[in-house]
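Asks: Have a look at the structure that comes next, please.
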Ligand SMILES: [Zn+2]
């Protein structure tokens, strides 16, 4: 099975496991073919569980310990401990409620979130050995879930931003993400307040008749604003799920009904 990785994170392969599932190598059929990892999109649950097990096996991860959250496009962060092992792995009903970001400093608890165009945010505190994984669609991005995940790690684990590496997973790119006036106005308001990046609004928005948004650049700018060093953010350029919709699930490219790929992060 092929696993998508982030260059900077592979340098810490002795400390942590990370990876993104692709669409291929699973048992789902039709619009979910074939490695759909999402239980909430109408696919047969047993097939999704099989897919999740296949992905975990490929990463040498214990699927029974996987922790998932509901992902409701808000900015709540939850601190995962050993008591949470397995929550949301087999069924939606046990997933951590009302949450889009998970943090932990415990080993062998894989955090797993699901995506089809939204942005996976990964943070690894290389000194205190803690991790954070968050789901940032446009609502989560504008609510600064990237920064709030980092702040939660600062509060819980004494994390220092300059000692972290951050990852921005495959998400819909500026090439393909047309947005309406309402979203554009909200992003302009928030990103005109950015201090550490000059002309932040111009960096996240381009115009071709209408506005196009870069979720990658928006989240990168937010991570930098919170103290992550630019050279510690991976990859260097956005990787568009819609342009690469044979590799990744893309809600926009599929015009709605489709599967979800997973982002996984786990301390060894
Ligand atoms: Zn694209």
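The values are calculated or read from the model by the stated rules, or taken from the named source; none is laboratory data. Since the structure is predicted, the reported quantities are computational estimates derived from the model, not experimental observations. Here the Cβ is made from the backbone with ideal geometry for all residues, glycine too, and neighbour counts use every protein chain on show.
Asks: Just to be sure before I move on: is residue 165 in contact with a helix residue (DSSP H, G or I) (Cβ under 9 Å, 6 or more places away or on another chain), part of a loop (DSSP other than H, G, I, E, B) and surrounded by 18 or more Cβ atoms within 10 Å (Cβ to Cβ) in the structure I sent?
Replies: no
Asks: Go through (1) under 21 Å from residue 248 (Cα atoms); (2) free of Cβ contacts under 8 Å to residues at least 60 places away in the same chain one by one and return the number of the condition residue 85 breaks.
Replies: Result: residue 85 fails condition (1) only.
Asks: Taking the range 1-14 on its own, how many of its residues are touching a strand residue (DSSP E or B) at 6+ places or on another chain (Cβ under 7 Å) and either without any contact (Cβ under 8 Å) to a residue 24 or more places away in the chain or in a loop (DSSP other than H, G, I, E, B) (or both)?
Replies: Number satisfying all stated conditions: 3.
Asks: Separate question: Filter the range 205-214 for residues that are in contact with a helix residue (DSSP H, G or I) (Cβ under 7 Å, 6 or more places away or on another chain) and touching a residue at least 24 places away in the same chain (Cβ under 8 Å); which is farthest from residue 229 (Cα to Cα)?
Replies: Among those that are in contact with a helix residue (DSSP H, G or I) (Cβ under 7 Å, 6 or more places away or on another chain) and touching a residue at least 24 places away in the same chain (Cβ under 8 Å), it is 211.
Asks: Hey, another quick one. I need a count of the residues in the range 132-152 that are more than 12 Å from residue 122 (Cβ to Cβ) and buried (at least 18 other Cβ atoms within 10 Å of the Cβ).
Replies: 11
Asks: Report the residue count in the range 225-242 for those that are within 12 Å of the ligand (Cβ to nearest atom) and closer than 18 Å to residue 21 by Cβ.
Replies: 4
Asks: Oh, and also: Please work out which one of (1) in a helix (DSSP H, G or I); (2) in contact with a helix residue (DSSP H, G or I) (Cβ under 8 Å, 6 or more places away or on another chain); (3) surrounded by fewer than 23 Cβ atoms within 10 Å (Cβ to Cβ) is the condition residue 54 fails and give its number.
Replies: Failed condition: (2).
Asks: Right, another one. For the condition within 19 Å of the chain's Cα centre (by Cα) and over 16 Å from residue 251 (Cβ atoms), what is the one hit in 27, 67?
Replies: Sole residue among the options that is within 19 Å of the chain's Cα centre (by Cα) and over 16 Å from residue 251 (Cβ atoms): 67.
Asks: Considering the range 168-183 alone, what residues qualify as being assigned to a loop (DSSP other than H, G, I, E, B) and more than 10 Å from the ligand (Cβ to nearest atom)?
Replies: Across the range 168-183, the qualifying residues are 169, 170, 180.
Asks: Among the candidates 72, 49, 109, 103, single out the residue that is at pLDDT 95 or above and assigned to a helix (DSSP H, G or I).
Replies: Of 72, 49, 109, 103, the one residue that is at pLDDT 95 or above and assigned to a helix (DSSP H, G or I) is 49.
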